[in-house]
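Here is the structure we will look at.
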Amino acid sequence: MAPRYEVDPKREYSIACVGGGIGGLCTAIGLLHQGVPVEIYEAAPAFAEIGAGVSLGPNAARAMQMIDPAIHEGLLRCATGNAWPAQQNSWFTFRKGEDKDAKFGAKICDLWCETGQTSVHRASFLDELVALVPKEVAHFGKKLEDIEDKGDHVILHFADGTTAKHSAVIGCDGVKSRTREIVLGKHHPATKPTFSGKYAYRGLIPMEKAADLMGDELARNSQMFLGHGGHILTFPIEQGKTMNVVAFGTKQDGKWDDPEWVKPMNREAMFEDFKGWTEAAQKVLSMMEKPDIWALFDSQPAPTYVNGRVCMLGDAAHASTPHNGAGAGQAIEDALCMSRVMRHVYEAADIPRAFAVFDKVRRPRSQRQVKAARESGLLYELQLPGYMDDWEKVKELLESKQKWIWEHDLEADVKEAERVFRDETARL
């Protein structure tokens, strides 16, 4: 049963949250936890997430605990980590994917991480979040078409012909966000997502089969195989019952013209991409079940996340490629910052100022992550200028590149956001 959050009767406004994915639900839970009235509008007929797995780092774990400890408790119920005790604090073991002298690729390094490799099935984690949301605040089949900003309130227009009136809107509607179009303008160069030049083959292998092929240590603990123009991730999911496989490749012409971003896999094309890789890597690819191919898009830097009473967060604001395992974590950090700023808002007139503070605090860090994720993809595929296949330099960067993401002081961000909001309020 969802907890009964008590809306503070002194708050004379209401927030519409568009989108019910991880970012949207964490935002709604955070607002409710602070006594802020919120309604969720989801385009699908029920809460649902696409994609098999999502990786969450220690920064995301801290953000969950700061929003509402129940979110983190839900994560722990469905998370899968490395099986071996000695690998509990390993994010990935990096290996040379084209190494012919080692069956499984020579080891480059282990990357230590406070929370190790924490992976969850998106749908399972979403179920945990849904359990924290009162049913009466969720509305389904509400595909956003437009938002009218009336100055002191907004009107949301949905594809089913209905409307909704609220004091403001937070758009959490993903990489293909309609809210982003409204905030930036349909023709702004940063409105549409951009193809990153990379794609990913995704599939699953029963863990017993994977262990027979790779041995227990490699199969049951996260590995990343690096090579020219591609890299392969393997890590356990579903409480260790399954190995998740993601093999990344490079589109040589840098274009993705197909309107579909997820398509059935062409196995022959995949094997051609990894021709010459280690025997083990090729066997892993041959064993993948339920395979498909995903085009990887991300966002160009937006000049703002806010336009009056409309704000965007999560993938709507800063969709990234998955190479840092940090996209969902940034959405959860957004939810933390938004809910902590809004706790100080009691009048509808103050909402645009709160949104502007959110933008000021969150935009630099979240956009840095988008850029860094692209660079990580190049690093893994030995294409990063200044590093390429210089293994010593690659190793040095691998061991340091996640620290600014994982070790960030979220409490300082929250205090800064609250300080700026109070200072600006005092000046009025």
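The values are calculated or read from the model by the stated rules, or taken from the named source; none is laboratory data. Remember, it's a predicted structure, so these values are computed and weren't measured experimentally. Glycine gets a Cβ as well: all are built from the backbone with ideal geometry, and neighbour counts include every protein chain shown.
Worth a mention:
- Looking at region 6-75, the strands (runs of 3 or more DSSP E) lying wholly inside it that each contain 2 or more residues that are among the hydrophobic types (A, V, I, L, M, F, W, C) and under 30 Å from LEU296 (Cα atoms) sit at 15-18.
- PRO291 being over 28 Å from GLY97 (Cβ atoms) and either outside the structural domain of ASP359 (by TED's automatic domain parsing) or in a strand (DSSP E or B) (or both): no
Here is a yes/no grid of residues against (1) assigned to a helix (DSSP H, G or I); (2) buried (at least 20 other Cβ atoms within 10 Å of the Cβ); (3) of a type in the set (S, T, N, Q):
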position: ARG180; (1), (2), (3): yes, yes, no
position: HIS187; (1), (2), (3): no, no, no
position: LEU204; (1), (2), (3): no, yes, no
position: GLU208; (1), (2), (3): yes, no, no
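- Condition met for GLN65 (surrounded by fewer than 20 Cβ atoms within 10 Å (Cβ to Cβ), under 28 Å from ILE205 (Cβ atoms), polar (S, T, N, Q) and out of contact with any Lys or Arg (no Cβ under 6 Å at 6 or more places or on another chain)): no
- Extreme residue, modelled with the lowest pLDDT, among residues of region 129-163 that are assigned to a loop (DSSP other than H, G, I, E, B) and β-branched (Val, Ile, Thr): VAL133
- Filter pass, VAL169 being among the aliphatic types (A, V, I, L, M), under 20 Å from GLY23 (Cβ atoms), assigned by TED's automatic domain parsing to the domain that holds LEU25 and not in a strand (DSSP E or B): no
- For region 211-267, the strands (runs of 3 or more DSSP E) that sit wholly inside it and include 2 or more residues that are under 18 Å from GLU381 (Cβ atoms) are 223-227, 230-237, 242-250.
- Scanning region 125-157 for residues that are in contact with a Lys or Arg (Cβ under 9 Å, 6 or more places away or on another chain), of a type outside the set (A, V, I, L, M, F, W, C) and buried (at least 19 other Cβ atoms within 10 Å of the Cβ) yields one hit, GLU128.
- Test: residue in region 297-304 that is modelled with pLDDT of 95 or more, under 30 Å from MET338 (Cα atoms), of a type in the set (A, V, I, L, M, F, W, C) and assigned to a helix (DSSP H, G or I): no
- Among the conditions (1) at positive phi; (2) without any contact (Cβ under 8 Å) to a residue 24 or more places away in the chain; (3) outside the structural domain of ALA70 (by TED's automatic domain parsing), GLY105 misses just one, which is (2).
- Hey, ARG422 exposed (fewer than 14 other Cβ atoms within 10 Å of the Cβ), in contact (Cβ under 8 Å) with a residue 40 or more places away in the chain and outside the structural domain of GLY229 (by TED's automatic domain parsing) or not: yes
- Counting the residues of region 102-128 that are of a type in the set (Gly, Ala, Ser), assigned to a loop (DSSP other than H, G, I, E, B) and in contact with an Asp or Glu (Cβ under 7 Å, 6 or more places away or on another chain) gives 2.
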